[in-house]
Structures are given as C-alpha cells and as structure tokens.
Amino acid sequence: MSPNIRAKVEGVSLPRVICRRPRRGDTHPAGSLLVRGILCGVPAGYLVGLRRIELCPRGGAIGDPFGKYSPAEKAIFLYSLPMEWQWPAESHAYLPEFRSFGADVQLGASAASVVVRWHDKKSRWTWFIFCVLGHELGHHYRNQNRFRKRRPSRGHEEVGADFHAIRISEAWNARQLKELTGEVKPFINTVTKQKLKRLIFS
C-alpha cells in the first residue's frame, strides 16, 4: 500500500502530512511524499499519538526555528528554507552538522556571519530529515512517555531529542539494509520509490 493512503507501520497509522506553500524564494527541504516515505521506516514508537506533520512557510529568520513540536496539538511543524543562507558565525552548534551533510560553509561579507550553501537537494533533505524531523520526533516520543519521569530541564530535553534523532536514523538505515538483503519486504512500493527518486535527484 502506498504510504499516502493511510499506510500503517507495525499497526500504527502514519500521521497526516499537510503541505502549505513555502515562503517566497524557499522550498520545502522534504516534500510531503518524501516525508511519508521516510516515516514508513521510523520505529512505530515514535509515531504513536502523533496527529500530523505540517510543512509550513518560514515566518522569520532562518533557523528560528527549523522545526518545532507542539505537545498540545501533538503535531510537528517543519519550515521552508532556501538553498543558501547567512548564519551567525558565533553560533557554532549547527556548523559541524551542516558540513557533515555536505553543505559548504564559508565566511560571509563580515566576520559576524558565514554563508551556508547547499549544492544539491539530496544533501539538504538528508540533513533536514535526520536532524530536524528526527529531533522533533524525539520531542514527541519524550512527551508521550513523560508521565514516567519528572519534567527535564530545557537543555536536557534538547539533548534527549538529539539522542532520539540518532536512534531514528540508525533504525531507518538498518531497515533499508534489510530491504536490500531481502530480510524484510519494503514498506514502500515500487511506484512510490520511483517517485521518490525523481524528487530526490531532480
């Protein structure tokens, strides 16, 4: 079954994916079809109770935020981006992450900023899916299981969400390997995979 027709992952329904028009000059790093396809390889525990994912136009400065999770709505909001943007030079947290996924990071017009440039859509969506969407799925998972623990500090919450983003990416990669070796049947049918390839490499 195609992931856009209320597909189920291990008995858990995929959340709705709503795509809104991106900000002028931006695109959505990962479109609705790609997000649905990726969700098919995410461990089911991260999707329990998640109602929707919205691809939204960026409202303000880039990275403020890249995405956010709303506990009250049980929804994830992901924001549009250009292929190139200015980034504060003193904000070191994201720079190694950008570089590790293939972005070119160079000094800007002033020492106070750098230019982050993505040369292809695949590098940008790979970073966005595993670092931004994965992080927000981590927030959802932690919120769903919060009754077991006392409320963490903001810093601890962010570190915890990053940890879950890593777990999600490892699980997704392991799933793809099992599909390649024939150990499990693919979640995504052949027609949908062909559509995803056209999106990724266009």
Cβ contacts < 6 Å: first residue more than 13 Å from Trp125 (Cβ to Cβ) and touching a residue at least 40 places away in the same chain (Cβ under 8 Å), restricted to the stretch 26-40; second residue among the small types (Gly, Ala, Ser) and surrounded by fewer than 19 Cβ atoms within 10 Å (Cβ to Cβ), any location; separation 6+ or different chain. Result? none
Would you confirm, using the coordinates I've provided, whether Tyr69 is under 22 Å from Phe130 (Cβ atoms) and touching a residue at least 40 places away in the same chain (Cβ under 8 Å)? yes
All conditions in (1) part of a loop (DSSP other than H, G, I, E, B); (2) under 21 Å from Ala165 (Cα atoms) are true of Leu34 except (1)
Please state which one of Val184, Val191 is over 16 Å from the mean Cα position of the chain (by Cα), part of a helix (DSSP H, G or I), among the hydrophobic types (A, V, I, L, M, F, W, C) and at pLDDT below 90. Val191
Can you report the number of residues in the stretch 115-126 which are outside any loop (DSSP other than H, G, I, E, B) and touching a helix residue (DSSP H, G or I) at 6+ places or on another chain (Cβ under 8 Å)? 4
The number of residues in the stretch 1-49 that are at pLDDT 90 or above and farther than 17 Å from Gly134 by Cα is 10
Taking the condition of being basic (Lys, Arg) and buried (at least 21 other Cβ atoms within 10 Å of the Cβ), how many residues in the stretch 26-57 meet it? 1
Restricting attention to the stretch 103-142, the residues that are in contact (Cβ under 8 Å) with a residue 24 or more places away in the chain, surrounded by fewer than 17 Cβ atoms within 10 Å (Cβ to Cβ) and either within 22 Å of Ala171 (Cα to Cα) or touching a strand residue (DSSP E or B) at 6+ places or on another chain (Cβ under 6 Å) (or both) number exactly 4
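Do you know which of the residues in the stretch 58-79 that are small (Gly, Ala, Ser) and within 15 Å of Val116 (Cα to Cα) is surrounded by the fewest Cβ atoms within 10 Å (Cβ to Cβ)? If you could, list the steps in order and put the result at the bottom.
Of all residues in the stretch 58-79, those small (Gly, Ala, Ser) come to 59-61, 63, 67, 70, 72, 75.
Narrowing the set further to residues that are within 15 Å of Val116 (Cα to Cα) leaves 61, 63.
Values: Ala61: 11, Gly63: 17.
So, considering only residues that are small (Gly, Ala, Ser) and within 15 Å of Val116 (Cα to Cα), the one surrounded by the fewest Cβ atoms within 10 Å (Cβ to Cβ) is Ala61.
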So which of Leu177, Leu196 ends up being assigned to a helix (DSSP H, G or I), closer than 20 Å to Ile53 by Cβ and modelled with pLDDT under 60? Leu196
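Among the candidates Val115, Val42, single out the residue that is among the β-branched types (Val, Ile, Thr) and farther than 30 Å from Asn143 by Cα.
Numbers: Val42 fails: farther than 30 Å from Asn143 by Cα.
After ruling out the rest, the residue left standing is Val115.
The values are calculated or read from the model by the stated rules, or taken from the named source; none is laboratory data. This one's a predicted model, so the numbers in the text were calculated from it and none came from an experiment. Heads up, the Cβs are rebuilt from the backbone with ideal geometry, glycines too, and the neighbour counts pull from every protein chain shown.
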